[in-house]
Each structure stands twice: as C-alpha cells, then as structure tokens.
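Chemist: Handing you a structure now.
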Ligand code: NAD
Ligand code: TYD
C-alpha cells in the first residue's frame with residue numbers, strides 16, 4: 001500500500017485533495033498532517049474520517065525533529081505539501097508566521113524526505129503545491145507561463161516563491177524527486193471566510209458592508225477547488241520529476257464585477273428583490289502592494305496531461321453559494337473564537 005502524506009489537509013484545498021485521494025485510491029493510505037490553525041478544521045473531512053485508508057496526525061511542519069521522526073516512523077512514499085499560511089492580508093499584518101510555516105516548514109519536509117529516502121528515489125514523489133502569486137502582477141494583457149520570472153510582492157507570495165525555489169534547489173542539488181504546481185485563485189466549499197468570495201457571501205447574507213479594496217479594478221483568475229484537486233491528481237500521477245505545471249481555468253474577473261454576480265446570486269437565493277444588496281458595496285483603503293492582475297496560461301497541463309476545468313464559473317458560484325447557505329453551522333463554528341477580533345483589526349480602520 002502506498003503511503004501518502006498530505007500536509008494541510010484540514011484546510012480548504014487540502015481537504016478536497018484528501019477526499020479525492022481517499023475515495024479514488026483505496027490502495028493508498030492517506031496521512032493528513034495538520035497543525036489545525038484557525039484555517040484548519042476537521043469538520044471539512046467528516047465524510048472520510050472513518051475510512052480505513054485515512055489517518056489524521058496533528059503536528060507542526062515548523063518542528064523539524066517531529067517531521068523527521070514522523071517520516072522515519074511511517075516511511076511515506078510521497079508527500080503532497082499544501083500546509084501554509086495562505087492569506088495575503090494576514091501576511092501584511094504579521095509576516096513572520098508566513099516565513100516560518102511556508103519557508104522553514106517546507107525545508108523541514110524536504111530534509112525529512114531526503115534523509116529517509118536516502119537517495120532511493122524510485123517510486124517516490126515530493127509534490128509542492130504553490131500559487132500563481134509568485135509571478136507577481138500583470139498589466140492589462142499577457143499571462144503567467146511556467147517560465148515567467150518570479151516577482152512576488154506580498155510577504156505571502158514572497159514566502160511561497162522562496163519555498164518553490166528551495167524545492168527546486170533540492171531537486172537540482174540532491175536529485176530529490178519533486179514536482180511543483182502554481183494555481184490561480186480557488187473558490188468553493190470549505191474556504192475560510194477571510195478570502196473574497198466566502199467573506200462576501202457571508203456578509204451579503206448578514207447585511208454587512210462589503211469592503212472592496214481600492215476601486216475594485218483588480219483582476220483574479222478563479223478556479224473551482226475540485227478542479228484544482230483533480231489537476232493535482234493528474235500531475236501527481238503523470239508529471240515528471242523536476243517539472244512545473246500552471247493550473248488555471250482562463251476565468252478572469254474584475255473584483256467589482258465578480259462582487260455584483262455574488263450579490264445577484266445570493267439575493268436571488270434568499271428571495272430578495274434583485275439589487276437589494278448593492279448598497280452594501282463599500283469602497284475601502286486599498287491593500288498595500290495590491291497586485292493588479294493575475295492570469296494563468298495552463299496550456300502545458302491541458303495538452304500534456306489532458307486536464308481541463310470541469311465547471312463553468314456561473315455553475316461553480318451557484319454550488320458555492322448553496323454550500324455556504326446550507327452549512328451555516330460550519331460558518332458559525334469557524335467564525336466563533338478569534339474571528340471577530342481578526343475582523344475588527346483588519347477592517348476597523350479602513
Ligand atoms: P488554508 O489556509 O485554507 O489551509 C492551510 C492548512 O494548513 C490549514 O489546515 C492549516 O491548519 C494548515 N497549517 C498551517 N500552518 C501549518 C503548520 N505550521 N503545520 C501544519 N499545518 C499547518 O489554505 P488553502 O487555501 O487550502 O491553500 C493550501 C495551499 O494551496 C497553500 O500552500 C497555498 O499557498 C496554495 N494555494 C492556494 C490558493 C487559493 O486560492 N487558496 C491558490 C493557489 C495555491
Ligand atoms: P483574496 O481572496 O484575499 O485572494 P488573493 O489576494 O490571494 O488574490 O482577494 C481576492 C481579491 O479581492 C484581491 O484583489 C483582493 C480583493 N479583496 C477585497 O477587495 N476585499 C476583501 O475584503 C478581500 C478579502 C479581498
């Protein structure tokens with residue numbers, strides 16, 4: 001039985017990856033290693049937690065000794081590394097946790113894999129999950145390609161860029177069998193309501209202001225989270241060591257246009273008259289160093305490995321809004337605790 005360590009699988013994307021692998025590959029044993037920060041929630045995995053090929057381990061990737069002992073104990077065949085601090089605004093506020101988890105944590109994992117695999121790399125794989133934000137910001141035109149030079153601007157994207165470089169360095173220096181993917185903005189069920197789409201769905205439902213940074217002109221390229229998980233599956237099994245793949249759905253939206261779609265869909269589902277929640281739009285101070293535009297070219301992945309996104313954006317938004325409306329308990333549980341404090345600190349002075 002293949003033993004696969006998925007880090008950060010209690011989080012948004014990781015939970016979808018773990019679900020896909022546990023259900024699709026009964027001959028793999030999936031170990032979910034997660035620290036359960038504010039962003040990690042075992043509720044996300046309720047439907048698979050009793051499966052015989054799934055094990056949860058609570059732990060911190062920043063603890064190098066712990067990670068090495070864990071590797072020695074289980075002798076994993078592969079790692080799919082998603083654990084990270086992932087929110088740009090938090091990285092602007094408190095960068096150090098991003099440096100520790102995203103950079104030091106990644107190196108701890110690389111060191112543990114290198115030590116335990118000890119040059120016996122046949123059948124082994126270290127898959128590093130990264131973001132398109134490492135490429136920086138585009139103007140009105142153009143796309144990010146796999147060979148676009150890195151130009152990160154936020155502490156988050158700089159920490160992810162650093163981790164990508166280190167993963168590549170372990171391939172080039174020690175021959176570690178690594179693979180990297182860089183994906184555009186994800187949306188869908190289980191995303192923590194600090195990111196644009198779930199935050200705004202929640203605020204529209206509760207008649208709270210929608211804090212639009214700057215003029216709302218920034219552009220993001222949105223992909224449904226299940227499509228990202230499927231791309232990871234395809235790359236994990238079909239990519240070659242040392243390769244990089246961009247993942248994205250050619251689905252660019254200006255923030256303000258996306259917000260109007262969200263308002264329309266949520267108002268309709270709540271039985272409100274069209275446009276009821278337009279008044280909630282509130283333009284606030286822009287994010288520092290706010291990247292103007294992200295847009296991914298995923299031709300390599302589509303042509304080489306045959307992946308393509310399965311969902312139209314409108315359908316994905318319907319599914320996402322439905323999920324949040326039907327999972328109010330989940331929302332309440334993740335927004336209890338420190339969430340109110342976070343919200344006041346982040347938006348109180350804007
Ligand atoms: P998330 O914040 O929802 O989840 C991160 C998970 O990592 C949480 O379960 C958290 O508890 C865990 N974690 C954090 N620090 C840890 C530590 N020190 N040790 C162990 N576990 C720890 O993040 P996400 O949005 O699911 O992103 C997952 C990965 O995908 C990240 O590496 C991110 O950079 C990348 N990514 C995200 C997006 C996106 O749009 N969300 C897009 C492209 C790439
Ligand atoms: P976000 O979901 O934080 O993802 P990222 O910064 O990684 O792209 O933000 C998506 C876009 O929405 C980004 O341009 C910033 C903007 N935004 C707002 O206008 N208001 C908000 O409250 C948030 C969280 C984001």
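Chemist: Assess whether residue 265 counts as being away from ligand 2 (no atom under 15 Å from the Cβ) and touching a helix residue (DSSP H, G or I) at 6+ places or on another chain (Cβ under 6 Å). Please lay out each step first, then the result.
Modeler: Values: away from ligand 2 (no atom under 15 Å from the Cβ): yes; touching a helix residue (DSSP H, G or I) at 6+ places or on another chain (Cβ under 6 Å): yes.
Taking the combined requirement at face value, the residue satisfies it.
Chemist: For region 277-299, give me the residue count where each residue is assigned to a helix (DSSP H, G or I) and surrounded by 17 or more Cβ atoms within 10 Å (Cβ to Cβ). Step through it out loud before you land on a result.
Modeler: Of region 277-299, the ones assigned to a helix (DSSP H, G or I) are 277-280, 299.
Next, from what is left, pick out any that are surrounded by 17 or more Cβ atoms within 10 Å (Cβ to Cβ): 277, 280.
Counting residues in region 277-299 that are assigned to a helix (DSSP H, G or I) and surrounded by 17 or more Cβ atoms within 10 Å (Cβ to Cβ) gives 2.
Chemist: For residue 195, all conditions in the list (1) surrounded by fewer than 21 Cβ atoms within 10 Å (Cβ to Cβ); (2) more than 20 Å from residue 132 (Cβ to Cβ); (3) touching a helix residue (DSSP H, G or I) at 6+ places or on another chain (Cβ under 9 Å); (4) touching a residue at least 24 places away in the same chain (Cβ under 8 Å) hold save one; what is the number of the exception?
Modeler: Answer for residue 195: the failing condition is (2).
Chemist: Can you tell which of 4, 13 is crowded, with 20+ Cβ neighbours inside 10 Å, at pLDDT 95 or above and over 16 Å from residue 226 (Cα atoms)?
Modeler: Working: 13 fails: over 16 Å from residue 226 (Cα atoms).
Within the list 4, 13, the selection yields 4.
Chemist: Residue 281 fails exactly one of the following numbered conditions: (1) in contact with a helix residue (DSSP H, G or I) (Cβ under 9 Å, 6 or more places away or on another chain); (2) under 30 Å from residue 150 (Cβ atoms); (3) touching a residue at least 24 places away in the same chain (Cβ under 8 Å). What is the number of that condition?
Modeler: Looking at each condition in turn, residue 281 falls short on (2).
Chemist: Could you list, in sequence order, all residues of region 73-130 that are in a loop (DSSP other than H, G, I, E, B) and surrounded by fewer than 16 Cβ atoms within 10 Å (Cβ to Cβ)? Even if it seems obvious, please write down each step before you answer.
Modeler: Within region 73-130, the subset in a loop (DSSP other than H, G, I, E, B) is 75-77, 82-87, 94-95, 118-124.
75, 94, 118, 119, 120, 122, 123 - these are the residues of region 73-130 that are in a loop (DSSP other than H, G, I, E, B) and surrounded by fewer than 16 Cβ atoms within 10 Å (Cβ to Cβ).
Chemist: Moving on to the next point. The conditions are (1) under 21 Å from residue 313 (Cβ atoms); (2) away from ligand 2 (no atom under 12 Å from the Cβ); (3) in a loop (DSSP other than H, G, I, E, B), and residue 242 fails exactly one of them. Which is it?
Modeler: So the condition that residue 242 fails would be (1).
Chemist: A follow-up question, please. Determine whether residue 59 is touching a strand residue (DSSP E or B) at 6+ places or on another chain (Cβ under 8 Å) and crowded, with 18+ Cβ neighbours inside 10 Å. Steps first, please.
Modeler: Working: touching a strand residue (DSSP E or B) at 6+ places or on another chain (Cβ under 8 Å): yes; crowded, with 18+ Cβ neighbours inside 10 Å: no.
Taking the combined requirement at face value, the residue does not satisfy it.
Chemist: OK, next. Which residues, taken from region 88-118, are closer than 18 Å to residue 134 by Cβ and out of contact with any helix residue (DSSP H, G or I) (no Cβ under 7 Å at 6 or more places or on another chain)?
Modeler: Selection gives 90, 101, 104, 105.
Chemist: Considering only region 131-146, how many residues are farther than 13 Å from residue 180 by Cβ and part of a loop (DSSP other than H, G, I, E, B)? Show your work before the answer.
Modeler: The initial filter retains those residues of region 131-146 that are farther than 13 Å from residue 180 by Cβ, namely 133, 136-145.
Pick out the ones that are also part of a loop (DSSP other than H, G, I, E, B) and you get 136-137, 139-143, 145.
Total meeting the criteria: 8.
Chemist: Quick check, is residue 223 over 30 Å from residue 303 (Cβ atoms), within 15 Å of ligand 1 (Cβ to nearest atom), at pLDDT 95 or above and out of contact with any helix residue (DSSP H, G or I) (no Cβ under 7 Å at 6 or more places or on another chain)? Let's see the steps before the verdict.
Modeler: Numbers: over 30 Å from residue 303 (Cβ atoms): no; within 15 Å of ligand 1 (Cβ to nearest atom): yes; at pLDDT 95 or above: yes; out of contact with any helix residue (DSSP H, G or I) (no Cβ under 7 Å at 6 or more places or on another chain): yes.
In short, no.
The values are calculated or read from the model by the stated rules, or taken from the named source; none is laboratory data. Small disclaimer: the values here were computed from a predicted structure and weren't measured. Heads up, the Cβs are rebuilt from the backbone with ideal geometry, glycines too, and the neighbour counts pull from every protein chain shown.
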